[in-house]
Structure formats: C-alpha cells, structure tokens
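S.K.: I have a structure I would like to understand better, so I am pasting it below and will then ask my questions one at a time.
The values are calculated or read from the model by the stated rules, or taken from the named source; none is laboratory data. Here the structure is a predicted model, which is why all the values come from computation and not from measurement. When we count neighbours, we look across all protein chains shown, and the Cβ atoms used for this are built from the backbone with ideal geometry, even at glycine.
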Amino acid sequence: MTYRNRAEVVESELAAYSADTFRSISPLGSAMAERIARETLVFLRSLAPALTAEKSLSEPLLLDWIREFQEFKSCEYDRLRLGVAGSTLTGSLLWLWLFCRLLEPEVYAECGVFVGSSLFTARHACKVAEIHGFAPNLTNLAFRDGSIFLHACDWSLEPLGIHGKRALCCFDDHIDCAQRIREAHAMGFRNLIFDDCPDIGGFHRYRFIGLPTVPLILDQKLADGESVDWYHPPSKKNLINTFRADHVAGVREVIDFATSIPSLESKFGLVTHEQWFVRLKS
C-alpha cells in the first residue's frame, strides 16, 4: 500500500506560521492560564508514574510554572528577538519548560540548535543543569550564555557521558529518529523530546523530516519496503520515503513508552509543533 497525502495547507495555518507564530503569552489573563494548567496537568499525570513520583503534581503547581514561563518570556525572549521563522513555536517552548520543571534534569542536551529559543527556555527552566547545544552551523545563534557548552557538530561526534545523571534531550534536527533513539540509549539518556515529529497526516507541512519519525517507528502495520509519499505545497514538490524494517529493528525494544504531546493551539492560540515524548528503558 502507498500512503498518499495530498492535503492542502489551510490558509490560516500558513499565515500563523509565516507571520508571527511567536506571539507572547503574557497578555493571557489568569483564567486562561488556569485553563492551560488544567489541560497540561491531565496530560502530565497520564505519563508513567516514574516521571511524576517525585512531585505531587497539582493545578496550582502547574499554574506557578506557567506564570514563570510568561514572566521570563515576556521580559526577555521578545527583547532578544528569538522568534524568527524556523525557530521553536511558543506552545512547544511551553511544553519544553514544563518537562524541564517536571524532570529537573542535571544534564540537558539539544540537537538542532538554530537561534537559541529552546536553549534559552531550558537555561531558565533548569538553572543549574549542565546544558549542551549541538548543530553543525551555529552562525544563526542569537542567544549565547557562557554556562552553555556549544558544539559545532552532530552530537554523535562528541558523545556525552551522563554517568547515571537525570538527563533530558530535545531533538529538533530533522534527522532519522531511529538513529537518534539508538544514540541516546547508548549514551544513557532516558527522556527524549522530538520536535517536528509528525505522523503521516502531517507530512505535508514539511520538506525535510527525520524519517522514520517516532509514530512510524511505533506503527507495526507498516510493511518492509512500503512507500510513504506526500506533497509539500510551499515547495510544490512530491516527496517519497521507503520504510525499512531492518532499520528500526531493535528500536521499539528500547522504548519504555512514547506519546504525542498535545497541541496547545486550537484551545489557547499557542502554536505548537508536532512533538513526541519518548521514555527509554535503562
């Protein structure tokens, strides 16, 4: 079977992405912040008990974290003009902030650094963590901090030894998710966030995708050699990828659990990329 995706990009979706997707959430009133807290609390509580056992997650706690996010973003993020096209969206940054607060990583790594929006968020969310940013090209980086270790290369060329520390890695490099999961597991990472990680129905938004994405890795109905093709309206290109069962062999076995992260866009106007959280076995 060939999956054919000819979905047109909705006009409002394109406008949201190309105009100002990095809208500040500081104007939100307390009622809206409380709604976001309730919505995110339901999802975070649904994760494995191992992630939430050390904290008694509650709506007031989530509300405090969201207010902190609003305060730091409205005061500094917009001033630094980090929100440029191709950077991480506000809803995605809020989820990263919440995961950093929840997991309290001692080591945070990011693959696919662009202008520094996610690094900026992680630095403020976990102030004492050892932070590493990886990208072959760091010339677009607008946020630089002497406490952050920057690596002008792929993270596979300078593997991190986390030595059993609590760690979180965020992948926003659009590179093969199966490869990244193998590398993360070999380094000892257990908690991973994949940004721009769509299922087949969202492929039309991207020209370059880290195939196989997490949902494709988990889809046991995909047969070896099955082609996945889609149309990318902005570039007017037909794209195709062939699923290789041997390439994902062993990857599902190291995943403890995985879940898509809810979008905050339709209910709250916080534009969110397609994100997945993946927990690996030790």
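Condition check ((1) over 21 Å from the mean Cα position of the chain (by Cα); (2) free of Cβ contacts under 8 Å to residues at least 40 places away in the same chain; (3) assigned to a strand (DSSP E or B)) across all residues:
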site	(1), (2), (3)
186	no, yes, no
203	no, no, no
224	yes, yes, no
241	yes, yes, yes
267	no, no, no
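S.K.: If you don't mind, there's one more thing I want to ask. So which residues in region 137-153 are modelled with pLDDT of 95 or more and either aliphatic (A, V, I, L, M) or over 13 Å from residue 108 (Cα atoms) (or both)?
M.R.: Of everything in region 137-153, those that are modelled with pLDDT of 95 or more and either aliphatic (A, V, I, L, M) or over 13 Å from residue 108 (Cα atoms) (or both) turn out to be 148, 150, 151, 152, 153.
S.K.: For region 130-149, give me the residue count where each residue is aliphatic (A, V, I, L, M) and either out of contact with any strand residue (DSSP E or B) (no Cβ under 9 Å at 6 or more places or on another chain) or assigned to a loop (DSSP other than H, G, I, E, B) (or both).
M.R.: 4
S.K.: Go through region 115-156 and count every residue that is within 20 Å of the chain's Cα centre (by Cα) and within 28 Å of residue 66 (Cβ to Cβ).
M.R.: Matching residues across region 115-156 total 22.
S.K.: Residue by residue through region 182-197, note down the ones that are out of contact with any helix residue (DSSP H, G or I) (no Cβ under 7 Å at 6 or more places or on another chain) and either buried (at least 20 other Cβ atoms within 10 Å of the Cβ) or of a type in the set (A, V, I, L, M, F, W, C) (or both). Walk me through how you get there before you give the answer.
M.R.: Applying the first criterion (out of contact with any helix residue (DSSP H, G or I) (no Cβ under 7 Å at 6 or more places or on another chain)) to region 182-197 yields 182, 184, 186-190, 196.
Listed by number, the residues that qualify are 184, 186, 187, 189, 190, 196.
Matching residues to (1) assigned to a strand (DSSP E or B); (2) buried (at least 16 other Cβ atoms within 10 Å of the Cβ):
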| site | (1), (2) |
| --- | --- |
| 173 | no, yes |
| 178 | no, yes |
| 231 | yes, yes |
| 238 | yes, no |
| 257 | yes, no |
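S.K.: Exactly one condition in (1) modelled with pLDDT under 95; (2) within 18 Å of the chain's Cα centre (by Cα); (3) crowded, with 18+ Cβ neighbours inside 10 Å; (4) assigned to a loop (DSSP other than H, G, I, E, B) is false for residue 162; which is it?
M.R.: Of (1) modelled with pLDDT under 95; (2) within 18 Å of the chain's Cα centre (by Cα); (3) crowded, with 18+ Cβ neighbours inside 10 Å; (4) assigned to a loop (DSSP other than H, G, I, E, B), only one is false for residue 162: (2).
S.K.: Please go through region 116-128 and pick out each residue that is buried (at least 21 other Cβ atoms within 10 Å of the Cβ), out of contact with any Cys (no Cβ under 6 Å at 6 or more places or on another chain) and not in a helix (DSSP H, G or I).
M.R.: Within region 116-128, 116 is the sole residue that qualifies.
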